[in-house]
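Shown next, in C-alpha cells, is the structure this report addresses.
The values are calculated or read from the model by the stated rules, or taken from the named source; none is laboratory data. Because the structure is predicted, anything quoted here is derived from the model rather than measured. Note that each Cβ is placed from the backbone with ideal geometry, even for glycine, and that neighbours are counted across all protein chains shown. Ligands, DNA and RNA are stripped out before the accessible areas are found, and what is left, the full protein with its side chains, is counted by its heavy atoms. Shrake-Rupley method; radii C 1.70, N 1.55, O 1.52, S 1.80 Å.
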Amino acid sequence: MIKRSDLTATRATDLARALRVARRDRTVDQIIIDSAPDEEYSPEEAFVDPVQFILLDDGRLALRIEVTSNTYYDLDEGHLFAARVRPLIEPLLQRVKANLQTIQADERRSTAPYTHEVVITAPTRNKTLQELYDLADGVRRLIEAADSGTLTRETVVDLILGGRADLLIGLPEGAWLDVKAQHYDMSGDRGRISLAEAVSRFCNAEEGGVVVVGMDTKRVPGGEIIRSIKPVPVDTATIRRYRQAIENRIFPFPAGLSIRSVDTSAHHGLVVISVPPQEEELKPFLVHGAIVNGKIEGAYISIVRRSGEDSIPITAQQIHSTLAAGRALLRRGQLPRNAIE
C-alpha cells in the first residue's frame, strides 16, 4: 500500500523494479493507493482508491482502474462495454502514448452500482507515480462522466467545470458541441450577432448544446476535433457582456441558459455556455440581425439550426409553415393540411 500523498516523490521505474523483485520473491505484484488524508491515516482503515498499480505478466507496470457505473452487462455483453469505452478514452491515451490493455465488465454484482475494470499502460521513464495516477484518474472520470459510453452536454460541462477540460482533447465537435479559440468580439454587432447565432443554433436543435470559448480545433477527415486548450482573458465583466448580447439578440430568451467561466490561470480561462433542450412550442428562436455574405444586416431576422458541425438556415417555406400552423391553431383549433404534410 502507498499513500496518495507519496505518489509525487516516487519514480514509476522504481516501483516497477520493486514489484518485479517482489514477484520473484512471491510476495506482491500490485500496490493499493490509500486516499485517506495524512491526519486520518490508519493501516486498519484505509480509503482504497479506485486506481491501483499492478505488474503485468511481461513485467511492465500498469494501472488498474475501477470504474463505477449504473449500467449492467451480462456474461455475453462485456464486449458492448469495451465498444463504448474504447473510442471515448483512446484520444486521451494516444495523446500521452499510453495503451489500453484490457476492459472487463463487472459480472459479479447483480445490482447497481457496478464496478467495471480498465487496465492501461503508459511510458514510465522520467515519470512519477503521480503523473501516472493523474492519467488513470482522467480515464476514470471520463468514463464515469459518460457512464452510458458517450458524452453528453451535461457531462462535458461537468468535466470542464471540474477542471478537466483536457479530457476533451481529441474528441470531435458535433451536433451539440461547438468550441472557439477566441472570444466573440463584444465591441461590435458582428461579434454579438455571431454569439447569438451560435447559441440559437442549439436552441433550435433537439438536444441543446454547449459553446466553449477557449479551445482550439483542427480539421480531420470527417470533421473537426478538439486540438488544445487556449485560455482566453476572463474578468468579472465577461459573463455579463455575453449574457447581455444574448438577451438583446435572441428571442425568446433561452430557458435554463447558463454562462460560466472556469479559471485556468490568473485572469485567463474558459467560457462555457450551456443550452438545455428547449420546448418545441418556443421554436424557432430568432436572432435580431444576420451576417449575409460577410456583411452585417442589423435589420434582418435570422433563424439557424445546427446539423452535425454545420449551421444551416431555416428556409422561408419552413418559417411560413410554422406561422401558418400557429395561426390555424389560434383561429380554428386545427392544423392546415399542408402544414401536416
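Just one residue in the set ARG26, ARG108, ARG60 is in contact (Cβ under 8 Å) with a residue 12 or more places away in the chain, over 14 Å from ALA136 (Cα atoms) and basic (Lys, Arg); that residue is ARG60. Being farther than 17 Å from ARG153 by Cα, open to solvent by 10 Å² or more (accessible area, probe 1.4 Å) and in contact with a Lys or Arg (Cβ under 9 Å, 6 or more places away or on another chain) holds for only one residue in ALA175, ALA181, ALA205, and it is ALA181.
Looking only at the stretch 253-308, which residues are β-branched (Val, Ile, Thr) and in contact (Cβ under 8 Å) with a residue 24 or more places away in the chain? Give the steps one after another, and end with the answer.
First, the residues of the stretch 253-308 that are β-branched (Val, Ile, Thr): 259, 262, 264, 271-273, 275, 287, 291-292, 296, 301, 303-304.
If the condition is that a residue be β-branched (Val, Ile, Thr) and in contact (Cβ under 8 Å) with a residue 24 or more places away in the chain, then VAL262, THR264, VAL271, VAL272, ILE273, VAL275, VAL287, ILE291, ILE296, ILE303, VAL304 are the ones that fit.
Which of the residues that make up the stretch 58-77 are under 30 Å from LEU129 (Cα atoms) and surrounded by fewer than 17 Cβ atoms within 10 Å (Cβ to Cβ)? Spell out how you get there, then give the answer.
Here is the first cut: in the stretch 58-77, the ones under 30 Å from LEU129 (Cα atoms) are 58-70.
ASP58, GLY59, ARG60, GLU66, THR68, ASN70, listed by residue number.
Each residue in the stretch 251-276 was checked for being open to solvent by 70 Å² or more (accessible area, probe 1.4 Å) and either in a loop (DSSP other than H, G, I, E, B) or basic (Lys, Arg) (or both), and 4 of them qualify.
Residue-by-condition table, conditions (1) open to solvent by less than 40 Å² (accessible area, probe 1.4 Å); (2) at pLDDT below 65; (3) of a type in the set (Asp, Glu); (4) more than 30 Å from VAL220 (Cα to Cα):
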{"site": "PHE285", "(1), (2), (3), (4)": "yes, no, no, yes"}
{"site": "ILE291", "(1), (2), (3), (4)": "no, no, no, no"}
{"site": "ASP310", "(1), (2), (3), (4)": "no, yes, yes, no"}
{"site": "THR315", "(1), (2), (3), (4)": "no, yes, no, no"}
{"site": "THR322", "(1), (2), (3), (4)": "no, no, no, yes"}
{"site": "GLY326", "(1), (2), (3), (4)": "yes, no, no, yes"}
{"site": "ARG337", "(1), (2), (3), (4)": "no, yes, no, yes"}
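Of all residues in the stretch 35-46, none are touching a residue at least 60 places away in the same chain (Cβ under 8 Å) and aromatic (Phe, Trp, Tyr). For the criterion of being modelled with pLDDT under 90, touching a Lys or Arg at 6+ places or on another chain (Cβ under 8 Å) and open to solvent by less than 70 Å² (accessible area, probe 1.4 Å), ILE296 passes.
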